[in-house]
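The structure appears right after this line, and notes come after that.
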Amino acid sequence: MIRKVVNIIAIVVSCLALVASLGWLWLEGRWSAWSPPQGDVAEVGYDAFTKGAFGLEAFPLKYAVVAGRVSSAAFTTTVEDGRSLWETYGFLPNSKAAALKEPLCESNADQWLPYGFAVTNYVPMTAVQTSLKFAGLTCSSCHSGQLRHADGTLSQPISGMGNMDLDVIAFTDAVRNAVMDPDLTADKILDAYAKVCPDESTGLIDGIVEKIMLGGWLSGVRESMGGDTAKYGLPYHGIQMKQASDIPAGPGRTRPFCSIVRVAMDLPGDDNYAYSKIPVVFEQNQDLRPRAQFDGSLGDPVTRSFIAAYASGASIKALSKPEIVHNIKAAAAYTEQLGIAIPVKPFAAHFPDHAPAAADVERGLTVFQEHCADCHGHRPIASDPTKVEPWVAEGKYLHKMEGVGPLAPADGGLGVDAERVTFRYAHDLPLAIWTTLPGNPKIAAVQEKRLDKAIIDAQDAKAPALAYFWQKQKEKFLLTKRQYRLGHPLYFPACKEGDETCTDESLLDRAPPCSLDVNADPQTCEITAFEAFVNNPIPYAFLRAPYLHNGSVPTMAQLINLEKRPDQFCRGQNVYDPEMLGYTAPPPVDGKCTDPRQAFLFDTGVRGNGNGGHNYPAWDPDALTDQQRADLQALLAYLKTI
Amino acid sequence: MADLNTLPPPPFRREQFAISLLAFSLLFAFSTLFGLTQPDITFFRTHAFAWSSALLVTPALYIFIRRYDMAPLTHWWRLFWTFAWVMIAVHLIWGLGLEHDWRPLTVFERQGFWIAFPIFLLQGLWLIDIAMSWTRFDWAWPTGVYKYWQGFMAVFVFANFFVAMVIFRNDTESLVIGLLQTAVVIAAFLLRWNEREQSL
């Protein structure tokens, strides 16, 4: 009898286990079903850029609905000033939100989630797809902006412009604060959600899965973030999140190398002062811009997009998913054409009342060609001010590297703040990033050899700890190589579609370490680490404010020395100044920024915030002659049109 | 032992099926669902199915060594032997399908002929062996060529697992399971030797 019962129990348990496993595999297939969208780059690329999944899921959508209620302590900065949680951190508002009468729920997320958020079903890091929906960042969370007019109105979101309101590091700290809260549980989230959205129902199976996955997400992310505190420190909270003394990046800026050093090298990034404004991504076509980033450290726009997502927290696994690979490539293609085949509204279309006089523009072009075009090329003047002519990528120094720091020429050269390119580990980054993604077996074998060489080189240089570091990198690489046996789909450098001359050997010529010559022309290495900035075209210059790579100069008038560059100013939700071409950035009062909406004190005396250099024309704004002033005013007029 | 093939087929008991199925199902569920907690679910599952196959084949190898040419094989052997093959077939589906885009040639390119070939050969030969074990009347007490075939298959299957899990030992789990399997095989041989000694 006992034997019979045991047999029955065993068979029933077996059947349950098989049904659960096979059922789960079937559901996984349903949840991850995806087919590539069809259409032209303007349409498919825009969708990828603004709504595509990139492996940057922030938190479950239901949690996004109730985050302000269940985690208010974590998200509150004390400078809300009546703004929503999202607006306080600078996300662009959803244009449909104001008209929304119903409660904000999962089902109407497309009407209230901020612009640039995607709804996906990828679990962060593992990229497993389930029925649990997540709110995730897209390219446009950072690379779309709005112009704030003096009357308080906002322009439509402008794809490709950096979001200069966005306090993305503060937001990350708020999220870390929230999920590390020991009182936050899946039940608490779901209970709060049920109160806000009582009419929303989830199917039985989906409901069970959702609850399990929500609990799993919370414990996983808590463990991960809790375990990372040795590398990241504890997150800041409250007003600290808006204070430059605690989070020195502030609105519209990131610490890209701090992030990439952490994720690609697993080293702390706190001693990294490489602050970078969120760049615009117009006209990224390689004919115009063969090297991406302010420092020209990257070639292919796809690699650039991959590294941006990777540095922002997307896992290698997520970045191998076909949908995400498609989005990376489609978004990169979109930025290559954005401003060329895909129109971007020029200055006069945004500010018709401030359109410069044609005579000034013409004179300004002459000044530009004398002082700027050698490095930036130029844009011919369009007969219709609401349109632009194609950029002319011709100039004596265009696409050349300008050394700074240790590579600066005797006369000082470009002279801008060099922290962005002189940080610790900068020279180890190219190999570390390149070997993050294993190539096909033949290329992976070379990657392994180059890691071996790095170990030997470190030993020869009497740097045993560095040799140990490379040994660990190699172990990591060997594991990843086993995971991506045919190569990671975003491996770089890669052959362009249809390029039949491309071979593995030609790819390896472009892989690091492949160039030690900052003056190599063309610079073919796919990823470099020179102490230099690259001269590139500057299309849509009016959307590039604040200026210089670190956003330390609020207006174009200040950049070209028509006005003095301020030593300190307040940043946040700054009004756009169409006269001076940039942001109205008020000075602090008694060393403080008292307006809660512009609470971040930008001090150019702080390491990494320097506003010196790029002194062209090299005239003293306090001692301009009438001729010089007139020239600069004309130059400013021309710059409004490009 | 020559008269063993005159014995009737070993009796089938329901618990043999229930327990072997339970082992298979739990290992399959573990491989499938525990993968959700891992950084790379596909990679984990591919390996976990191989580990599970190694675990399932271990009792079959033990029984085989203890009884081969001494006593009739049992349904325990046939069931674990079969479930182990099913699990290795699932491993193949994951490994070849999800990790190599269903392109067997890439496995040869990546691993080289002498490593890749036995993997595919194992799948085929083992399947033939299982088919025979479920269709031949003399599966429990083989004679003639079939007896040597069964012996060869046991050695071939064990050798494959030993090389993959102990020699290549791609991860700690593989090494531990491989060593466990090896220990069980050695123990089975020692017990067989002891039994034979005592019967003399």
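The values are calculated or read from the model by the stated rules, or taken from the named source; none is laboratory data. None of these values were measured; they are calculated from a predicted model. Cβ placement follows ideal geometry from the backbone for every residue including glycine, while neighbour counts extend to all protein chains displayed. Note: areas computed on protein heavy atoms with side chains; ligands, DNA, RNA excluded. Shrake-Rupley method; radii C 1.70, N 1.55, O 1.52, S 1.80 Å.
Here are the numbers for the structure shown:
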read-out: Given charges at beta-carbon only (K, R positive; D, E negative), |dipole| of the stretch A:426-534 in Debye; value: 680
read-out: Distant-in-sequence amide H partners of residue A:244 (H built 1.01 Å from N, under 5 Å); value: A:601
read-out: Neighbour cut-off at most 12 other Cβ (10 Å), DSSP loop, trypsin sites (Lys or Arg not before Pro), the stretch A:530-584; value: A:564
read-out: Accessible surface of residue A:378 - all protein chains present, 1.4 Å probe, nearest 10 Å²; value: 30
read-out: Antiparallel DSSP beta bridges within the protein assembly as shown, as percent of all bridges there, nearest 5; value: 95
read-out: Calculated P(r) of chain A - Cα pairs past 32 Å, %; value: 51
read-out: For the stretch A:35-88, convex hull of alpha carbons as volume per residue, Å³; value: 121
read-out: Helix-only [θ]222 nm of chain B, DSSP H runs n ≥ 4, -39500 (n - 2.57) each, per residue, nearest 500; value: -24500 deg cm²/dmol
read-out: Förster-model FRET efficiency, 22 Å R0, residue B:187 and residue A:25, C-beta, rounded to 0.05; value: 0.05
read-out: Relative contact order computed over the stretch A:533-626 (Cα-Cα under 8 Å; 6+ residues apart), in percent; value: 29
read-out: Sites residue A:505 and residue A:156 - FRET efficiency at Förster radius 41 Å, r taken between beta-carbons, to 0.05; value: 0.30
read-out: Relative contact order of the stretch A:240-280, pairs being alpha-carbon contacts under 8 Å that are 6 or more residues apart, as %; value: 38
read-out: Area accessible to solvent at residue B:161, 1.4 Å probe radius, in Å²; value: 10
read-out: Order of exposure, largest accessible area first, which applies to B:68, A:63, A:468 with probe 1.4 Å; value: A:468, B:68, A:63
read-out: Given charges at Cβ of Lys, Arg, Asp, Glu: the stretch A:276-325 dipole, positive-most of A:316, A:305, A:278; value: A:316
read-out: Theoretical ellipticity at 222 nm over chain A - DSSP helices of four or more residues, -39500 (n - 2.57) apiece, nearest 500; value: -11500 deg cm²/dmol
read-out: Under 26 Å from residue A:396, Cα to Cα: lysines that are on another chain or at least 8 residues apart; value: A:640
read-out: Sequence of B:17, A:530 when ordered by accessible area, the most exposed leading, probe 1.4 angstrom; value: B:17, A:530
read-out: For residue B:102, solvent-accessible area (1.4 Å; no DNA, RNA or ligand), Å²; value: 150
read-out: For residue A:253, residues with placed amide H under 5 Å, excluding near neighbours; value: A:168, A:278
read-out: D_trans [Stokes-Einstein, Kirkwood Rh over alpha-carbon pairs] for the stretch A:300-368, 10 °C, 1.306 mPa s, µm² s⁻¹; value: 105
read-out: Accessible surface, 1.4 Å probe, highest first, among residues A:79, A:41; value: A:41, A:79
read-out: Cβ-based charge dipole, the protein assembly as shown, positive-most Cα from A:34, A:86, A:514; value: A:34
read-out: Amide H within-cut-off set for residue A:583, under 5 Å, with H built and near neighbours excluded; value: A:555, A:577
read-out: Counted charge near residue A:580, where neighbours are those whose Cβ lies closer than 13 Å (Asp, Glu -1; Lys, Arg +1); value: 0
